[in-house]
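I have placed the structure first, in the form of structure tokens, so that the comments after it can refer back to it.
The values are calculated or read from the model by the stated rules, or taken from the named source; none is laboratory data. A quick note: this is a predicted structure, and the numbers were derived from the prediction, not measured. Cβ sites come from the backbone with ideal geometry, for glycine too, and all protein chains shown count toward neighbours.
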Amino acid sequence: MNRNNIHRTARVLLLGLISTGLCAWLLGATLTASETSAADNAACLECHQDQADNLAGSKHALTATAAKGLAVTCIGCHGNSEKHLEDPEANKPTVPSRLSFAAQANVCASCHQSEHQTTMVTTDPHGRAGLDCASCHRVHENENEFLVKDDSENYCASCHTTVMAQFSARSAHPIHEGAVKCLDCHSMGERKDMMLATGFDFSCQSCHSDYAGPHVFEHPVMSSHLVDGGGCIECHSPHGSPNEKLLNQPENGVCQQCHGIPAGHRTAHSGMATRIDCVNCHTEFHGSNDNRLFLDPMLTTTFYANCYASGCHDNLKK
């Protein structure tokens, strides 16, 4: 065996030994962590078994082993128990809900790393309003998926009363009927904007996919960010509206937020076009696969059969 082969073989053997040792160390560390977690819980449960029982069935149920790198233990939230075990009366365990706003957020963030949690003390709108984790969440005696205090699906309504009132408008999303709930549109975790919506247009499209396109002729407002921040809500009020179809303005008012009345509409055919609603002709306002002006593909049948046949308005179909 030449010198190069000897060196190569030696390197392979050395790497093998290192890998074996590393695996053994990691396995030992995992076992040690699991044993420590079980021991920590056992020490607390000698007196506080009832607190462990009321965690059963929730996402904070105690675990003896780490799941996805995390083990749920008593000391994970309540701090080191050594001094408490020595003198329970003199050294009370930490109660997260009684901590300061920042300290409480820090305890929860040791496991919860969503944007909502990591920005609680900086940019999160709930934090800026003075709400801490315990304002909305309760850990013990709570099997709610999100550990919120109110076990109803629309627990947001306890604070957002003004928004909730909008669902009683003439035209509204059916939240009172139970057909939709707050979290269908608003995500506390993977949010895309400061209103905690998952992206205005995409939230709407999860139910209203028939309006989403793509279309040959796209209506720019459907994908543009204008006055109110997103496409769909330029025309619709997402919670409720006194106007039909959740519209922000009645009748032609929605269109005239962006579009003036064309001069030709005021003069041609004695101004006939100014006396009917825009959507009587422009029915494909979400987007069209037929023409660039979003006109009703059956317009000649709906109104006047000779409009296009006369040759005057052929360009409207291009």
Practice item. Would you mind finding the one in ALA56, ALA42, ALA61 that is surrounded by fewer than 14 Cβ atoms within 10 Å (Cβ to Cβ), modelled with pLDDT under 85, more than 30 Å from GLY130 (Cβ to Cβ) and not assigned by TED's automatic domain parsing to the domain that holds HIS137? Key: ALA42
Exercise for review: Could you please find all residues in segment 216-240 being under 18 Å from GLN256 (Cβ atoms) and at pLDDT 85 or above?
Suggested key: HIS219, CYS235, HIS236, SER237
Check your understanding: For segment 73-122, what are the residues that are in contact with a Ser or Thr (Cβ under 6 Å, 6 or more places away or on another chain) and polar (S, T, N, Q)?
Key -> THR73
Practice item. Could you please give the count of residues in segment 70-116 that are of a type in the set (A, V, I, L, M), assigned to a helix (DSSP H, G or I) and closer than 26 Å to LEU131 by Cα? Key: 6
Check your understanding: Of GLY189, GLY199, GLY213, which residue is at pLDDT below 85, touching a strand residue (DSSP E or B) at 6+ places or on another chain (Cβ under 6 Å) and farther than 16 Å from HIS239 by Cβ?
Key -> GLY213
Practice item. Please state which of the following conditions GLN166 fails to meet, knowing it meets all the rest: (1) at pLDDT 80 or above; (2) touching a helix residue (DSSP H, G or I) at 6+ places or on another chain (Cβ under 8 Å); (3) within 24 Å of ILE233 (Cα to Cα). Key: (2)
**Study point:** Residue within segment 142-162 that is under 30 Å from SER237 (Cα atoms), without any contact (Cβ under 8 Å) to a residue 40 or more places away in the chain, basic (Lys, Arg) and assigned to a loop (DSSP other than H, G, I, E, B) present
**Key:** yes
